[in-house]
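For reference, the structure discussed in these notes is given below.
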Amino acid sequence: MTTVRFGRLIASGCGVGYAPFAPGTVASAIALLIGALLLHISPALLPIIAAISAVAGLWAIAATRVEDDPGWVVIDEFAGQFLALCGLARATWPGLLAAFLIFRLLDIAKPGPIAWADRQNNPAGIMADDIIAGAIAAALLWAMRAHWPAVFD
C-alpha cells in the first residue's frame, strides 16, 4: 500500500495533477519554471532531470497500476517539458515561451508518433507520448536557435 501511495505522489507530480483546471498545463508551467532555474544554474542538469523524471514516472505509473492516461498523472508532462527545454542554451523569455507553447501544442494535437504512443494504454505509452513531444520540441527549438540566435540565445 505504501508503494502505491508513493507511486501516486510521483505520478501526480507531487499533487499537481489534482489541480482543478488543466492539470497537464499546470504541470508543464511548473516544469518550465523549474527548468528555467536549471538552465540558469547549469544547462547540463536539464537532461539529467528529464531522464530521472522519465524513469521515476515510468516506475510510478506502473506501481499505481494505471493503464490509461488519467488527468491526475502529470509526471509525463514534467519529463516532456524538461526534455523540450533541452533545446535551449539558456533561459530567455522568447525561448521559454516557445518551449512551453511548442510542447503543449504537440502534446495536445498529438501528431504522428505522439498519437501512436498515446494509443498504447500502458505505462510506457503514457510516458512515451510526452517524451516524444518533448524531443520534437527540443529539436524545433534547436533549429529556431540556429536560425534566429539573436532571439533565442
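The values are calculated or read from the model by the stated rules, or taken from the named source; none is laboratory data. None of the values given here were measured: they were computed from a predicted structure. Cβ atoms come from the backbone with ideal geometry, glycine included; neighbour counts cover every protein chain shown.
Within the stretch 103-112, being outside any loop (DSSP other than H, G, I, E, B) and touching a residue at least 12 places away in the same chain (Cβ under 8 Å) holds for 103, 104, 106, 107. For the stretch 93-122, the set of residues classified as surrounded by 13 or more Cβ atoms within 10 Å (Cβ to Cβ) and at pLDDT below 95 consists of 118, 120, 122, listed by residue number. Of 79, 63, all but one fail to be over 20 Å from residue 30 (Cβ atoms) and in contact with a Ser or Thr (Cβ under 7 Å, 6 or more places away or on another chain); the exception is 63. Can you find, within the stretch 69-79, the residue that is farthest from residue 11 (Cα to Cα) among those that are among the charged types (D, E, K, R) and assigned to a helix (DSSP H, G or I)? Result: 77. Among the candidates 150, 128, 115, 135, the residue that is within 12 Å of residue 85 (Cα to Cα) and assigned to a helix (DSSP H, G or I) is uniquely 135. If the condition is being in a loop (DSSP other than H, G, I, E, B) and crowded, with 20+ Cβ neighbours inside 10 Å, then the stretch 26-68 contributes only 64.
Every listed requirement among (1) of a type in the set (Phe, Trp, Tyr); (2) in a loop (DSSP other than H, G, I, E, B); (3) out of contact with any Lys or Arg (no Cβ under 9 Å at 6 or more places or on another chain) is met by residue 100 save one, (2).
With respect to residue 135, determine if the residue is touching a helix residue (DSSP H, G or I) at 6+ places or on another chain (Cβ under 7 Å) and closer than 17 Å to residue 40 by Cα. The answer is no for residue 135.
Residues that are without any contact (Cβ under 8 Å) to a residue 40 or more places away in the chain, assigned to a helix (DSSP H, G or I) and out of contact with any strand residue (DSSP E or B) (no Cβ under 7 Å at 6 or more places or on another chain) occur in the stretch 80-95; there is at least one.
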